[in-house]
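The values are calculated or read from the model by the stated rules, or taken from the named source; none is laboratory data. Quick caveat, the model's predicted, so the values are computed rather than measured. Cβ sites come from the backbone with ideal geometry, for glycine too, and all protein chains shown count toward neighbours. Note: accessible area is taken over every heavy atom of the protein model, side chains too, but ligands, DNA and RNA are not part of it. Shrake-Rupley method; radii C 1.70, N 1.55, O 1.52, S 1.80 Å.
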Amino acid sequence: MSETIKALHKEAVRCAEEIKKYKSVHVVSHIDADGLTSAGIICTALERGNFEYTTRFVKQLDEKALDTIADQNHNIVIFTDLGSGMCEQIKSRGINAVISDHHQPQGNHQFHLNPHLFGANGSYELSGSGSTYLLATALGKNQDLSSLAIVGAIGDMQHLKMGQLVGINREILKEGAKGGNLEFKKDLTLFGKQTRPIHKLMQYSSDPYLPGLTGDEEACIEFLHSLNISFSQDERLRRWIDLEIPEKQKVVSGLFQYCLKSGMPSYKIERLIGEVYVLLREKEGTEMRDASEFSTLLNATARYGHAEIGLAVCMGNREEAYEDARKLLAEHRQNLVNGLTYVKENGVVQLENIQYFDAGSEIKETIVGIIAGMSSTLVENRNLPIIAFAKAEGGIKVSARGTQDLIRRGVNLSEAMSMVSAEVGGAGGGHDIAAGATIPDGKKEEFARKLDLFIGEQMRRKACSK
């Protein structure tokens, strides 16, 4: 790993030297948490270095977006959390660019910072924000931005494969901890420890799914009563951070016993405890204090066309931009509830190796992937990937979500979405556990059928190799 890090640092320095030739920079980034933190990191570094810069956020970097960027004739463009899949197209348009990404590269580019090019895996060893952090530290003293790199990695689910951040992500984590910016420790892994009432942690738990508790508020309250845990104090609902250590231990022990009695496999129960990431310079009880909650706050901005608000939060605005982000988060949560209600009422279509739902225009294409991931709490068969379709500009958006169990069985959604979408005249990619694509109108049924066969073949290959 040390040789990989050295090689990445060397490339980061080379890319930084190219950027330093210009005083005006255009930053292009993705609209998810990893993309926003990537933009936040590079824009902060540019601001500190007295560069002039402009920004652009895109749902995907396609031919149309590249044409627009090329027409604007920027001195230099920094692509963050995207670009690696469009190397040849960037070159063919004469765009002077530095690419800082972690997705599977296609083609070659002169200034290209990507873990895959140096023997590391961009699905779990380094995120887009991690690559951009290396670039930022090559531009100047920006080690305090390690916190944003970790938020981006968590938002990109890079910690799930190994149960914690590994590879170059871990080196960045250690650097952040050494600088007093971050803390990593073992704790309950359920989402919302900083801001949610404790019974809501269990009610909304989807990974792991808690039989009899997930989705049932009254059952969660009764569970806490059975442990003699008070969930309110001074007319205020208590959060996980409000509990004393003995109370936390009692809840964890009670959950383990409950799950064992419910017949949950031990490896799923063990996922209740894991490594969590705390941003020490953020106020306790806010979304920014916890890397997972911070990433969700950011998703609630750019996915609704307000990337500038998420970027401002990443760059330190804790007043107007933060309040705007919180309002968007409230809307985002309501949209997620509405989306889940839609899936619950309309159900999923189950094939041999996949299950899918078609949201049409009922769920926004920018959040249909999140709904797909959360739908595991609703479907009867949790042993199949969930595929979601939604109407999008110029076609159909497809989002695919898997689990670590499926990956162990040979499923690679990135490969599947890339190959099958191309067969029907679309384009796609992503990561093994989460991927997306855009396909032409009228191709849904063909795509679903081909994807079902492709994923079945992936699992057969894995089974035969044992």
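Whole-Hz Karplus values for the range 290-296 come out as 10, 4, 5, 5, 4, 5, 5 Hz, taken residue by residue from phi with 6.51 cos²θ - 1.76 cosθ + 1.60 and θ = phi - 60°; glycine and proline positions read x.
Accessible surface of residue 401, taken over heavy atoms with a 1.4 Å probe and every protein chain present, rounds to 60 Å². Here the range 1-46 and the range 362-393 have alpha carbon centers that stand 32 Å from each other. In the frame of its principal axes, the range 319-466 has Cα extents of 55, 31, 31 Å, reported largest first.
Suppose R0 equals 22 Å; then what is the FRET efficiency for residue 162 and residue 337 from their Cβ-Cβ distance, rounded to the nearest 0.05?
Calculated value: 0.10.
For the range 176-250, the share of alpha carbon pairs falling in successive 10 Å distance bins from zero is 18, 48, 24, 9, 1 percent.
Each Lys or Arg adds one and each Asp or Glu subtracts one; over the other residues with Cβ under 12 Å from the Cβ of residue 452, this totals -2.
Shape summary of the range 215-339, radius of gyration then Dmax from alpha carbon positions: 17.5, 48 Å.
Using θ = phi - 60° in the Karplus curve 6.51 cos²θ - 1.76 cosθ + 1.60, the 3J(HN,Hα) couplings for the range 327-340 round to 5, 5, 5, 4, 5, 4, 5, 5, 5, 5, 4, 4, x, 5 Hz; x is entered for Gly and Pro.
Think of a 1.4 Å ball rolled over the protein heavy atoms: the chain then has 44 Å² of accessible area per residue. On a 22 Å Cα-Cα criterion, which of the cross-link pairs 344/450; 193/283; 141/178 come out too long? Violating the 22 Å limit, Cα to Cα: 344/450.
For 393, 308, 323, the ranking by accessible surface with the largest value first comes to 393, 308, 323, using a 1.4 Å probe. Reducing the range 219-251 and the range 396-458 to their Cα centroids gives an inter-centroid distance of 42 Å. Net charge of the neighbourhood of residue 147, taken over other residues with C-beta under 10 Å away and scored Lys/Arg +1, Asp/Glu -1, is -1.
With a Förster radius of 41 Å applied to the beta-carbon distance between residue 422 and residue 252, the computed FRET efficiency rounds to 0.35. Each listed q (0.20, 0.30 Å⁻¹) maps to a log10 I(q)/I(0) for the range 17-76 from the Debye sum over equal C-alpha point scatterers, namely -0.81, -1.24. Simple spin-label estimate for residue 461 and residue 344 gives 3.9 nm between the two label positions (7 Å along the Cα-to-Cβ direction from each Cα).
Measuring nothing but protein heavy atoms, the accessible surface of the range 73-200 at 1.4 Å probe radius is 45 percent carbon and sulfur. Across the alpha-carbon atoms of the chain, the computed radius of gyration and Dmax are 21.8, 67 angstrom. Among the listed pairs 91/174; 64/91; 91/444; 23/91; 23/174, those whose Cα-Cα separation exceeds 25 Å are 91/174; 91/444; 23/174.
Using a probe of 1.4 Å, the accessible surface attributed to residue 340 totals some 30 Å² when neighbouring protein chains are kept in position.
Only protein heavy atoms count here; on that basis, with a 1.4 Å probe, residue 460 has an accessible area of about 120 Å².
Placing unit charges on each Cβ (+1 for Lys and Arg, -1 for Asp and Glu) gives the range 123-202 a dipole about its Cα centre, and among 132, 167, 184 the Cα reaching farthest toward its positive end belongs to 184. Note on residue 59: aspartates and glutamates with a C-alpha under 13 Å away, same-chain residues under 8 apart excluded, are 32, 34, 81, 365, 393. Full extension of the chain between residue 62 and residue 317 gives 88.7 nm of extra length, using 0.36 nm per residue less the Cα-Cα distance.
Pairs from the list 186/261; 20/186; 185/268; 268/462 with a Cα-Cα gap above 30 Å: 20/186. Using the Cβ-Cβ distance between residue 270 and residue 308 with R0 set to 45 Å, the FRET efficiency works out to roughly 0.65.
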